[in-house]
Amino acid sequence: MKQYIETRHEKFISDLQTIINIDSSSDNKDGIEKVAEFFQKRFTRIGFDTQILFLGDNKTPCLYAEHRPSKKPFDIMFLGHMDTVFPTGEVEKRPFSMEANRAFGPGVCDMKGGLLVVLHVLETLKHEGILDSLSLCVAFNGDEETGSNDSKDWIMSTAKKSLRTFVFEPCRPGYRFVLQRKGGGWFQIIAKGQQAHAGADPEKGINAVVELAHQIVKINQLNQNKVETSAHVTIVKGGDKVNIIPNQAEAWIDVRILKLDEKERIEIFFKTLAENPYLKGSKIIINGHIDRPPMEPGDATRKLWELIRSTGEKFGLPMEAISTGGCSDGNYTSAAGTPTIDGMGIVGANSHRADEYVELDSIDNMVLLVAQVCKTIGLNGELR
């Protein structure tokens with residue numbers, strides 16, 4: 001077994017180099033499809049039925065694989081995304097590399113390392129003769145970094161056929177897993193006024209920037225609450241020349257909610273802004289909505305976490321569950337009613353940054369942990 005683990009570790013790193021060195025930004029459909037083809041070959045080799053799907057208006061490449069000895073619900077859905085935030089050409093600038101205990105490269109943490117945990121767990125289960133005791137499915141999409149617009153319905157429908165979902169976003173340093181995520185969305189507010197000469201006759205103008213500024217103050221007040229809702233103005237535009245009263249100004253707002261109940265309140269709030277401009281004669285237009293529901297852990301999720309936590313502690317891992325404001329596709333599987341644990345990939349940090357990394361000594365730990373949890377589920381009828 002020791003020799004198998006050592007060989008698996010070396011193969012994992014080789015696989016990681018292979019897929020990191022494929023540019024697969026969300027708009028690079030060819031690159032995403034190449035990543036999908038890599039996994040399709042390996043999943044097929046261990047007996048999974050696989051297909052590459054092209055979903056939605058954008059024909060986004062997504063990989064689906066299943067091993068289903070019976071027609072019962074899937075014991076586990078393995079979920080991840082193949083796209084990255086980095087543009088085509090990023091690999092040439094900084095390809096896969098290693099230094100000490102860390103590996104670097106575009107998407108190494110978010111989340112190609114996690115995709116390989118799935119592959120190597122399933123290969124391990126096959127090697128140990130456990131695979132046929134489980135009904136499993138794999139869903140890797142290609143548009144998570146842009147909101148999963150083409151794939152979210154597919155993800156939710158697959159989750160509804162599954163008893164539980166593991167999401168392979170990176171495990172946080174210190175072996176911290178994600179049980180709760182905020183939901184979120186965005187809003188755009190457009191203030192329209194009237195142009196005028198700022199020196200000769202400003203009284204003839206309606207300053208759209210001033211209108212927008214008053215609305216921003218109102219929006220900022222959404223952060224003053226006890227339910228952890230946040231609303232942050234992240235982009236502001238307005239005006240063309242210093243001597244012209246601006247007739248249009250725009251702002252974009254990132255909104256996060258911890259509880260689904262907040263969705264209606266926030267959307268009503270923004271609708272009300274449009275109905276109540278501050279300056280006489282100005283007009284407000286609102287676009288956007290809350291499009292990703294929060295990931296809220298229920299009793300079944302907490303019970304699943306206890307299985308994972310206790311398994312990890314047997315291996316000497318310092319297990320911890322956390323809540324985060326960031327979103328993932330786990331938000332959708334949770335909203336579908338499926339117990340969901342996120343952060344099941346290898347340990348890493350600095351997602352979406354050039355110094356993104358994973359910890360190489362977490363590879364064996366995470367593969368061993370997830371494989372053992374799968375074995376327990378497969379051999380324990382009470383968990384099915």
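The values are calculated or read from the model by the stated rules, or taken from the named source; none is laboratory data. Please read all numbers here as calculations on a predicted model, not as lab measurements. Heads up, the Cβs are rebuilt from the backbone with ideal geometry, glycines too, and the neighbour counts pull from every protein chain shown. The protein model used for the area step is the full one, side chains on, heavy atoms only, and it has no ligands, DNA or RNA in it. Shrake-Rupley method; radii C 1.70, N 1.55, O 1.52, S 1.80 Å.
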(message) Based on this model, can you work out whether Val91 counts as touching a helix residue (DSSP H, G or I) at 6+ places or on another chain (Cβ under 6 Å) and among the β-branched types (Val, Ile, Thr)?
(response) no
(request) Select, from Gly80, Gly89, the only residue that is buried (at least 17 other Cβ atoms within 10 Å of the Cβ) and either at pLDDT 95 or above or under 22 Å from the mean Cα position of the chain (by Cα) (or both). (result) Gly80
(request) Kindly establish whether Lys259 is under 30 Å from Ser310 (Cα atoms) and at pLDDT below 95. (result) yes
(message) Among (1) open to solvent by 60 Å² or more (accessible area, probe 1.4 Å); (2) within 23 Å of the chain's Cα centre (by Cα); (3) closer than 30 Å to Ala103 by Cα; (4) of a type in the set (Asp, Glu), there is one condition Asp261 misses while meeting the rest; what is its number?
(response) (3)
(request) Report yes if some residue within segment 53-75 is basic (Lys, Arg) and touching a strand residue (DSSP E or B) at 6+ places or on another chain (Cβ under 9 Å); otherwise report no. (result) yes
(request) Give just the number: which of (1) open to solvent by less than 50 Å² (accessible area, probe 1.4 Å); (2) modelled with pLDDT of 95 or more does Ser133 not satisfy? (result) (2)
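Could you say which residue among Ala196, Ala191 is surrounded by 24 or more Cβ atoms within 10 Å (Cβ to Cβ), of a type in the set (A, V, I, L, M, F, W, C), at pLDDT 95 or above and touching an Asp or Glu at 6+ places or on another chain (Cβ under 9 Å)? Let's see the steps before the verdict.
Working: Ala196 fails: surrounded by 24 or more Cβ atoms within 10 Å (Cβ to Cβ).
Going through Ala196, Ala191 in turn, just one is surrounded by 24 or more Cβ atoms within 10 Å (Cβ to Cβ), of a type in the set (A, V, I, L, M, F, W, C), at pLDDT 95 or above and touching an Asp or Glu at 6+ places or on another chain (Cβ under 9 Å): Ala191.
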(request) Mind checking which helices (runs of 4 or more DSSP H) fall wholly inside segment 262-359 and carry at least 2 residues that are closer than 26 Å to Gln224 by Cβ and of a type outside the set (Ser, Thr, Tyr)? (result) 262-275
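Which ones in segment 270-315 are basic (Lys, Arg), surrounded by 15 or more Cβ atoms within 10 Å (Cβ to Cβ) and at pLDDT 95 or above? Steps first, please.
Applying the first criterion (basic (Lys, Arg)) to segment 270-315 yields 271, 280, 283, 292, 302-303, 309, 314.
Those left that are additionally surrounded by 15 or more Cβ atoms within 10 Å (Cβ to Cβ): 283, 292, 309.
Within segment 270-315, Lys283, Arg309 qualify.
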(request) Just one of (1) over 30 Å from Tyr332 (Cα atoms); (2) crowded, with 19+ Cβ neighbours inside 10 Å trips up Val242, so point out which. (result) (2)
(request) Mind telling me which of the residues Gly343, Gly330, Gly348 ends up being crowded, with 24+ Cβ neighbours inside 10 Å and in contact with a Leu (Cβ under 8 Å, 6 or more places away or on another chain)? (result) Gly330
(request) For residues that are open to solvent by 20 Å² or more (accessible area, probe 1.4 Å), assigned to a helix (DSSP H, G or I) and free of Cβ contacts under 8 Å to residues at least 60 places away in the same chain, tally how many sit in segment 202-235. (result) 11
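Select, from Arg164, Arg181, the only residue that is among the charged types (D, E, K, R), in contact (Cβ under 8 Å) with a residue 12 or more places away in the chain, touching a Cys at 6+ places or on another chain (Cβ under 7 Å) and farther than 24 Å from Phe38 by Cα. Talk me through it step by step, then tell me what you get.
On the way: Arg164 fails: touching a Cys at 6+ places or on another chain (Cβ under 7 Å).
Exactly one residue qualifies, and that residue is Arg181.
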(request) Would you be able to say whether some residue in segment 110-128 is open to solvent by 10 Å² or more (accessible area, probe 1.4 Å), over 25 Å from the mean Cα position of the chain (by Cα) and β-branched (Val, Ile, Thr)? (result) no
(message) Just the residues that are buried (at least 17 other Cβ atoms within 10 Å of the Cβ) and either of a type outside the set (A, V, I, L, M, F, W, C) or touching a Cys at 6+ places or on another chain (Cβ under 9 Å) (or both), please, taken from segment 245-258.
(response) Pro246, Asn247, Gln248, Glu250, Arg256
(message) What pairs come out if I take residues in segment 1-28 that are assigned to a loop (DSSP other than H, G, I, E, B) and pair them with residues that are open to solvent by 70 Å² or more (accessible area, probe 1.4 Å) whose C-beta lies under 7 Å away, six or more apart or interchain?
(response) Ile22/Lys34; Asp23/Thr88; Ser26/Thr146; Asn28/Thr88
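Considering only residues that are of a type in the set (Asp, Glu) and more than 30 Å from Thr146 (Cβ to Cβ), look in segment 1-31 and name the one that is least open to solvent (accessible area, probe 1.4 Å).
First, pick out the residues of segment 1-31 that are of a type in the set (Asp, Glu): 6, 10, 15, 23, 27, 30.
In the following step, the residues that additionally are more than 30 Å from Thr146 (Cβ to Cβ) were identified as 6, 10.
Numbers: Glu6: 95, Glu10: 127 Å².
Filtering segment 1-31 for residues that are of a type in the set (Asp, Glu) and more than 30 Å from Thr146 (Cβ to Cβ), the one least open to solvent (accessible area, probe 1.4 Å) comes out as Glu6.
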(message) Among the residues in segment 239-247, are any touching a Gly at 6+ places or on another chain (Cβ under 7 Å), touching a residue at least 12 places away in the same chain (Cβ under 8 Å) and closer than 18 Å to Ala274 by Cα?
(response) yes
